[in-house]
Amino acid sequence: MEYRRLGKWGLKLSALSFGSWVTFQNQVDGKLAEQCLAAAYDAGVNFFDNAEAYANGESERIMGGALRNLGWPRDSWCVSSKVFFGCKADPKPTQKGLSRKHILEACHQALARLQVDYLDLYFCHRPDPETPIEETVRSMHDLVRQGKVLYWGTSEWTAQEITAAHAVARSEHLTPPSMEQPQYNLFVRARVEQEYAPLYRDYGMGATIWSPLASGVLTGKYNDGIPADSRLNLPGYEWLRERHQSEEGRRRIWVVQKFSAIARELGMNTGQLAIAWCLKNPNVTSVILGASRVQQLRENLGALAYLPRLTPAVMARIETAAG
Ligand code: NDP
């Protein structure tokens, strides 16, 4: 495993990490979660990603139970949660957003579900236009001061919103955000590659990136239709399937077909090439993998070994294929 600093900060996260969105509770029960976490940890993964909203809190409960059963030293792994959406299908006004009340309550609830004394990383899952940035930054700062959170960050905030958070932190002597969690894959690049460039440079922010396989599309498994046992067929994810069946979705399959040909030539599978491509970006701290089976996870963890095969010439070919 390779370990990368969280931006300019001292925390070293595994370049490949493991998250539980969609999978835990819907596809992965406690026993399988334990097997997946063990496969990841044995390969050197030290960061497990979660959120209050995943399966309405059940994902954190499953991960917490599995981590407790596995019994690894707490100082050898990191776990995250995220606050914003709430952990109920229909949250009340005080049960969502980035108000001081919800940030503090959500943290306490995540600690209980994950069965830990502190969160290593705590993300504001989306920006909240109805809460002043001062209130959010101060609430996160207080959790850091209380030792309940080690590093706080944002997820899918604009560079402008993150810059505002840094400005408040600087003027009020509060803890600034250390990391962002954006989507990053061959299809979604602008924010990570362009919009956030000043954030890495000026604030030393780290990036833990999500959906490296665009929900599995970049494995090539959807090239000939939608397999019955896949994410795009899950109840509740019709929006993903509809996106896939749109004009843009069809364009993506055409790109994946070209991408698969390059992967074959390089002697790896399509998903491994997609993950290795994310790792080539030096501003990426950790690529968060998702998997509904242990075998998928093992395959994806194998991507790291292929990194040297992504030479400048190969990267240029991928660029052309991506259009
Ligand atoms: P991916 O884009 O890598 O998609 C993972 C899914 O692709 C798997 O669950 C599986 O779905 C399929 N897959 C993975 N590997 C293989 C393989 N080798 N062969 C075939 N199919 C495969 O990542 P996610 O979208 O799951 O995102 C990763 C993590 O990022 C999440 O778990 C979460 O922690 C985080 N995240 C954060 C967000 C945020 O807003 N901050 C938003 C979304 C995710 P299946 O088997 O069901 O087809």
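Taking the conditions exactly as written (surrounded by 12 or more Cβ atoms within 10 Å (Cβ to Cβ) and either under 25 Å from ALA207 (Cα atoms) or within 16 Å of the ligand (Cβ to nearest atom) (or both)), does GLY236 satisfy them or not?
Judged against the criteria, GLY236 is not a match.
Looking only at segment 176-196, count every residue that is open to solvent by 40 Å² or more (accessible area, probe 1.4 Å) and not in a strand (DSSP E or B) and tell me the total.
Selection size over segment 176-196: 6.
Just one of the numbered conditions (1) within 20 Å of ALA207 (Cα to Cα); (2) within 9 Å of the ligand (Cβ to nearest atom) is not true of GLU2; which one?
Here GLU2 meets the rest and fails (2).
Out of the residues in segment 197-224 that are of a type in the set (Gly, Ala, Ser) and not in a helix (DSSP H, G or I), state the one that is farthest from the chain's Cα centre (by Cα). Break it down into steps so the answer makes sense when it comes.
First, the residues of segment 197-224 that are of a type in the set (Gly, Ala, Ser): 197, 204, 206-207, 211, 214-216, 220.
From what's left, not in a helix (DSSP H, G or I): 204, 206-207, 211, 220.
Values: GLY204: 19, GLY206: 12, ALA207: 9, SER211: 7, GLY220: 21 Å.
My answer is GLY220.
How many of the residues making up segment 1-32 are touching a strand residue (DSSP E or B) at 6+ places or on another chain (Cβ under 9 Å), over 25 Å from LEU98 (Cβ atoms) and surrounded by 24 or more Cβ atoms within 10 Å (Cβ to Cβ)?
3
Within segment 87-109, work out how many residues are within 17 Å of SER139 (Cβ to Cβ) and part of a loop (DSSP other than H, G, I, E, B).
Residues of segment 87-109 that are within 17 Å of SER139 (Cβ to Cβ), as a first pass: 93-109.
From what's left, part of a loop (DSSP other than H, G, I, E, B): 96-99.
Going through segment 87-109 one residue at a time, the tally reaches 4.
Would you point out which residue out of SER155, SER139 is crowded, with 18+ Cβ neighbours inside 10 Å and touching a residue at least 60 places away in the same chain (Cβ under 8 Å)?
Every option except SER155 fails the conditions.
When you go through PRO282, PRO227 one by one, which is the residue that is more than 21 Å from ASN50 (Cα to Cα), part of a loop (DSSP other than H, G, I, E, B), near the ligand (Cβ under 9 Å from one of its atoms) and modelled with pLDDT of 95 or more?
The unique qualifying residue is PRO227.
List the number of the failed condition for ARG241; all other conditions in (1) within 12 Å of the ligand (Cβ to nearest atom); (2) within 20 Å of GLN296 (Cα to Cα) hold.
All conditions are met except number (2).
For segment 263-274, does any single residue satisfy the condition of being touching a strand residue (DSSP E or B) at 6+ places or on another chain (Cβ under 8 Å) and of a type in the set (A, V, I, L, M, F, W, C)?
yes
Has segment 313-323 got at least one residue that is out of contact with any Phe, Trp or Tyr (no Cβ under 6 Å at 6 or more places or on another chain), more than 12 Å from the ligand (Cβ to nearest atom), more than 30 Å from ARG5 (Cα to Cα) and part of a helix (DSSP H, G or I)?
So far as segment 313-323 goes, yes, one or more of its residues are out of contact with any Phe, Trp or Tyr (no Cβ under 6 Å at 6 or more places or on another chain), more than 12 Å from the ligand (Cβ to nearest atom), more than 30 Å from ARG5 (Cα to Cα) and part of a helix (DSSP H, G or I).
Taking segment 294-312 as the search range and keeping residues that are touching a residue at least 12 places away in the same chain (Cβ under 8 Å) and either among the hydroxyl-bearing types (Ser, Thr, Tyr) or not in a helix (DSSP H, G or I) (or both), which one is most open to solvent (accessible area, probe 1.4 Å)?
TYR306
Looking at (1) in contact (Cβ under 8 Å) with a residue 24 or more places away in the chain; (2) surrounded by 15 or more Cβ atoms within 10 Å (Cβ to Cβ), which is the only condition LYS221 fails?
Unmet condition: (1).
What are the residues in segment 267-279 that are free of Cβ contacts under 8 Å to residues at least 60 places away in the same chain, more than 12 Å from the ligand (Cβ to nearest atom) and buried (at least 17 other Cβ atoms within 10 Å of the Cβ), if any?
We begin by selecting, within segment 267-279, every residue free of Cβ contacts under 8 Å to residues at least 60 places away in the same chain; these are 267-273, 276.
This time we only want the ones that are more than 12 Å from the ligand (Cβ to nearest atom), so: 267, 276.
Once the filter is applied, which keeps residues that are free of Cβ contacts under 8 Å to residues at least 60 places away in the same chain, more than 12 Å from the ligand (Cβ to nearest atom) and buried (at least 17 other Cβ atoms within 10 Å of the Cβ), segment 267-279 yields only ALA276.
The values are calculated or read from the model by the stated rules, or taken from the named source; none is laboratory data. Remember, it's a predicted structure, so these values are computed and weren't measured experimentally. In this analysis, Cβ positions are derived from the backbone assuming ideal geometry, glycine residues included, and neighbour counts consider all displayed protein chains. Note: accessible area is taken over every heavy atom of the protein model, side chains too, but ligands, DNA and RNA are not part of it. Shrake-Rupley method; radii C 1.70, N 1.55, O 1.52, S 1.80 Å.
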